[in-house]
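Values in this text are rule-based calculations from the coordinates and carry no lab data. Everything quoted here is computed from the prediction, not taken from an experiment. Here the Cβ positions follow ideal geometry from the backbone for every residue, glycine too, while neighbour counts run over all protein chains shown.
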Amino acid sequence: MSESAATPDRPQPMADAGHNSQDLFSKFDPLIKQRKDLLDSGLEDPFGLVMERVLSPVTAVCNGRETILLGTYNYMGMTFDPEVIEAGKNALDDFGSGTTGSRVLNGTYVGHKEVEKALCEFYAMDHAMVFSTGYQANLGIISTIAGKGDYIVLDIDSHASIWDGCALGNAEVVPFKHNDLDAMEKRLRRIPEGAGKLVVLEGVYSMLGDIAPLKEMIAVAKKYDAMVLVDEAHSMGFIGPNGRGVAEEQGVLDDVDFVIGTFSKSVGTVGGFCVSNHPKFEIMRLVCRPYVFTASLPPSVVATAATSIRKLMDAGDKRTHLWENSKRLHAGLKGLGFQLGTDEPQSAIIAVIMPDLERGAAMWEALLKEGLYVNLARPPATPANMTLLRCSLCAEHSEEQVGQILTMFEAAGKAVEII
Amino acid sequence: MDRDDTKARIDTLIEPFNKKGVGIGEDTTFAGDLEWDSLTVMDFVAAIEDEFDIIISMNQQAEIETYGQLIDAVTKLRGA
Ligand SMILES: Cc1ncc(COP(=O)(O)O)c(C=O)c1O
């Protein structure tokens, strides 16, 4: 959820706060001022929203108002699924509230093995390793498999957890322009002979909701003998014939060496994972520090995840409805005259491009007052320093709600004079 | 490889990126004097990489603060 922070995914040079300051916090002064100015203008704090009550996967009471949620990653609406909740309650009763231990010591319960088995079946892969978050899955896998002298070639718009995985490791890091096949190939071609190579891609890029041309990119990566890691955080459960993601949709999942995913989106709880067919994959459990040196997920979390993942295996109807919602919202917003991140809907994320931060923040607030929550994403966390209102749909949004959402966008857009 | 030749070619490459028209010398810094953001850095690095058919990883870029250091680094990479 890096867009909610005021820091970019990519590492940036820090502003120099002057040398005579002894307060280590001085370096944050420009950001503190920017935030204060925004709040002093009377705006509701876009990054301080509190949900007082959650009524369903798609509605909550925020700041005293009943609000339609259009900015969660609860794509498949699994958070209130009765079977999922039941599984969690049973695990709480039977196994307690937490494991208080690392996966490699006392923190592996049957539930952890069970959710890994569910993942192997979901992806039809040999190995699955569950981390405490998706962030840690990227951090751990990337920093561990790419070592000194190896090269990581990655898209410049990669998620913060990918960048941080690069920063934690010792490999040479080489970014290329977003989704630019040619730029990627040039970099792979120039890597010194004999060096190990890891190409890191995402299925869906969460800022604009656009997908990667994985088929072409993975073919190029393989031509240069690189291993391929694809983060499918935003596609699990509804893209691809079995919901395995964009690589499956484009018919290239067999060529992906490592799929990274999360339980915090379609699965509807918290946790992260890597699935792989690599014959030596299991050694990761001993050498991957963000796996070893942290406590494992609570039994209730892995029980809800396993139940949810199994239900996602045949959620065909929900998938169809989610796509219909995405298409309807995309077409509706386009029809109203908003500028969108993609010409066609490519995922369940639809990004509405705002002319500037001021009007973006005003529009965000106007929508909230109408009773609609979307994600405000702003520079420097966004590609090309755009201000975006990011909408993410849920399979539980009704057709009627999508209609209401469009009405709210129309009213707010006119009030703020964007359309 | 010849440092003067490298410098001459980078002098040309940097022009379209120097939107503020800052006078560029060996001691000019990218973050401080030119105030480039990371996207501009990426595009500029890509232009240099294409011109000389080299790769400058982010790890190497982290060591380069001034224009002079960039010319040195590229000269060295061309010889490698
Ligand atoms: C592309 C991508 N990868 C990884 C993550 C991290 O997932 P988690 O929320 O499980 O830490 C996210 C979520 O923010 C993401 O968008």
Considering only DSSP beta bridges where both residues belong to the protein assembly as shown, give the percentage that are antiparallel (nearest 5).
60
Averaged across A:153-160, how many Cβ atoms of other chains sit within 10 Å of each residue's Cβ atom?
1
Ratio for region A:174-280, C-alpha Rg to 2.2 N^0.38 Å, reads 1.07
Please compute, for peptide B:35-45, the average count of beta-carbon atoms on other protein chains lying within 10 Å of each residue's beta-carbon.
4
Between 0 and 90°, nearest 10: helix B:38-52 axis offset from chain B longest Cα axis
30
One-quarter of the Cα convex hull surface for chain A, in nm²?
21.4
Packing-based exposure ordering (other Cβ within 10 Å, fewest first) of B:Glu63, A:Glu116, B:Glu51:
B:Glu63, B:Glu51, A:Glu116
Modelling each spin label as a point 7 Å along the Cα-to-Cβ direction, I'd like the A:Asp317/A:Lys215 distance in nm, to one decimal.
3.1
Along the positive direction of the dipole of region A:80-312 (beta-carbon charges: Lys, Arg +1; Asp, Glu -1; about the Cα centre), which of A:Ile218, A:Gly165, A:Gly271 reaches farthest?
A:Gly165
Once you've got the Cα coordinates, tell me which of A:Lys117/A:Lys280; A:Lys223/B:Lys19; A:Lys223/B:Lys7 are over 28 Å apart.
A:Lys223/B:Lys19; A:Lys223/B:Lys7
Can you give the local net charge around A:Val416? Use residues other than it whose beta-carbon is closer than 13 angstrom to its beta-carbon, Lys and Arg +1, Asp and Glu -1.
-3
Please give the calculated 222 nm ellipticity per residue for chain A, where each DSSP H segment of at least 4 residues contributes -39500 (n - 2.57) and the sum is spread over every residue; nearest 500 deg cm²/dmol?
-11500 deg cm²/dmol
Lys/Arg Cβ at +1, Asp/Glu Cβ at -1, dipole of the protein assembly as shown taken about the Cα centre: which of A:Ile418, A:Thr262, A:Asn179 is farthest positive-ward?
A:Thr262
Computed from the mean reciprocal separation of all distinct C-alpha pairs, what Kirkwood hydrodynamic radius does region A:80-312 have, in Å?
17.8
State the antiparallel share, in %, of DSSP beta bridges confined to region A:80-312, rounding to the nearest 5.
45
Hey, fewest Cβ within 10 Å first, where do A:Phe28, A:Phe47 land in order?
A:Phe47, A:Phe28
As I understand it, the value is the acute angle between the Cα axis of helix B:67-79 and the longest principal axis of the Cα atoms of chain B; what does it come to in degrees, rounded to 10?
20
